[in-house]
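I have placed the structure first, in the form of structure tokens, so that the comments after it can refer back to it.
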Amino acid sequence: MLRSVAMRVHGAVRSGVLQTAVRSPAAIQQRLSHGKPELSEEEFDQKYVDFFSRPNIDGWEIRTAMNDLARMDLIPEPKIIVAALKACRRLNDYAVAVRFLESVKDKCGTKANEIYPWIIQEIRPTLDELGISTPEELGYDKPELAIQDVEDMH
Amino acid sequence: MALKLRTKLPQLAQTMARQMSSHDIFYHDQRELCGNREIVGHGKSGKYTYYDGHDLPFPAIRFRPDDAASKALREKEKGDWKNLTLEEKKTLYRHSFCQTFVEMDAPDPEWKAVLGYTLIGVAVAWGMYLTTASIMPEHPYREFFDAHETRVASEQRKLDRGTYKDKDFTGWDYENRKWKE
């Protein structure tokens with residue numbers, strides 16, 4: 001009991017007294033890796049939006065860009081997703097659109113319950129405009145088909 | 001596990017054949033293996049193979065070969081997507097891709113079989129040991145080996161020939177054959 005009270009008093013002194021005295025002057029946002037970033041976040045987003053919005057984009061380029069996005073350590077911004085879905089519409093490839101949404105959900109990782117609904121909310125107008133069903137509406141949030149074991153095939 | 005190995009076999013076979021062959025090395029893109037599936041992208045390595053994975057959601061070819069029904073559906077896909085039924089949308093997806101992401105992640109119960117076969121092996125080995133041990137006669141000198149006098153004499157011989165002399169065993173008086181005071 002005495003020990004816990006002492007700890008509490010100690011913590012109160014630390015947080016109340018010491019921190020006001022030794023407070024850091026200001027929060028400074030700093031990028032700690034060496035070298036300059038090649039593109040800022042806005043430039044990166046704009047680059048991909050421009051890429052997906054190109055009128056003469058073809059299936060190879062759209063797939064390559066989506067594969068690249070799936071490999072990067074990021075979740076695509078909703079405006080990139082919107083541009084990508086519109087590119088799918090121009091190329092008449094429905095499966096790629098659904099697959100890309102699945103990939104985006106996969107990129108959310110453990111935070112899928114927080115980030116993915118927000119992304120869907122942001123791109124909902126585009127989904128309704130183009131008639132794209134989300135993977136959840138297609139029932140792809142749960143395993144649908146099992147794959148046959150190749151050892152049992154022949 | 002087996003499935004993963006199987007999907008890598010074409011690449012492995014090619015590499016092995018290349019290393020073992022005395023002929024010229026040539027690049028084989030496996031184009032004829034993809035049949036009449038539509039080639040839609042670059043894929044993993046430029047070869048015309050299908051691959052499902054989180055790191056590469058879009059493989060080089062569509063999963064299913066083109067047939068009359070799929071061509072008709074692809075024609076309908078060029079129209080408004082709101083006219084597609086749910087079933088057609090799923091068919092389109094499965095025409096291009098084999099597994100969804102959650103199906104890739106689905107747990108593989110193979111480990112249960114592996115664990116079961118391992119335990120069977122352990123049980124068989126244990127049973128063989130118990131059977132053998134129960135029918136084997138005891139060693140004729142077992143009682144003599146385990147006797148207190150035999151073991152004391154054995155230790156005494158070790159001390160006499162200086163087995164422990166280089167091991168900081170300082171409590172023993174080697175001259176008088178007893179513990180130091």
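The values are calculated or read from the model by the stated rules, or taken from the named source; none is laboratory data. A quick note: this is a predicted structure, and the numbers were derived from the prediction, not measured. Positions of Cβ are backbone-derived with ideal geometry, glycine not excepted, and every protein chain shown enters the neighbour counts. Each accessible area value is taken on the protein alone, full model and side chains, heavy atoms only, with ligands, DNA and RNA left out. Shrake-Rupley method; radii C 1.70, N 1.55, O 1.52, S 1.80 Å.
A few points about this structure:
- Residue match in the stretch B:39-53 (condition: assigned to a helix (DSSP H, G or I), surrounded by 10 or more Cβ atoms within 10 Å (Cβ to Cβ) and touching a Lys or Arg at 6+ places or on another chain (Cβ under 6 Å)): no
- All positions within the stretch B:36-65 that are touching a strand residue (DSSP E or B) at 6+ places or on another chain (Cβ under 9 Å), of a type outside the set (Asp, Glu) and either farther than 19 Å from B:GLU103 by Cβ or more than 9 Å from every other protein chain (Cβ to nearest Cβ) (or both): B:ARG37, B:ILE39, B:VAL40, B:GLY41, B:GLY43, B:TYR48, B:THR49, B:TYR50, B:ALA60, B:ILE61
- Verdict on A:ASP73 being more than 15 Å from B:ASP55 (Cβ to Cβ) and modelled with pLDDT under 95: no
- Given (1) surrounded by 14 or more Cβ atoms within 10 Å (Cβ to Cβ); (2) more than 27 Å from B:PRO10 (Cα to Cα), index of the condition B:LEU56 fails: (2)
- Subset of the stretch B:66-82 that is in contact with a Gly (Cβ under 9 Å, 6 or more places away or on another chain) and part of a helix (DSSP H, G or I) - its residue that is nearest to A:LEU85 (Cα to Cα): B:TRP81
- Where helices (runs of 4 or more DSSP H) fall wholly inside the stretch B:83-181, the ranges with 3 or more residues that are open to solvent by less than 80 Å² (accessible area, probe 1.4 Å), within 30 Å of A:ILE147 (Cα to Cα) and out of contact with any Ser or Thr (no Cβ under 6 Å at 6 or more places or on another chain) are B:86-96, B:101-105, B:110-135.
- The selection criterion, being under 17 Å from the mean Cα position of the chain (by Cα), away from chain B (no Cβ under 14 Å), part of a helix (DSSP H, G or I) and buried (at least 17 other Cβ atoms within 10 Å of the Cβ), does not hold for A:ILE115.
- The set of residues from the stretch A:60-80 being within 14 Å of another protein chain (Cβ to nearest Cβ), assigned to a helix (DSSP H, G or I) and open to solvent by less than 20 Å² (accessible area, probe 1.4 Å) comprises A:ILE62, A:ARG63, A:ALA65, A:MET66, A:ASN67, A:LEU69, A:ALA70.
- Pairs with Cβ under 8 Å, 6+ apart, first in the stretch A:127-148 and more than 7 Å from chain B (Cβ to nearest Cβ), second open to solvent by 80 Å² or more (accessible area, probe 1.4 Å): A:GLU137/B:LEU86
- Looking across the stretch A:81-112, just one residue is of a type in the set (S, T, N, Q), at the interface with chain B (Cβ under 10 Å from one of its Cβ atoms) and assigned to a helix (DSSP H, G or I), and that is A:SER103.
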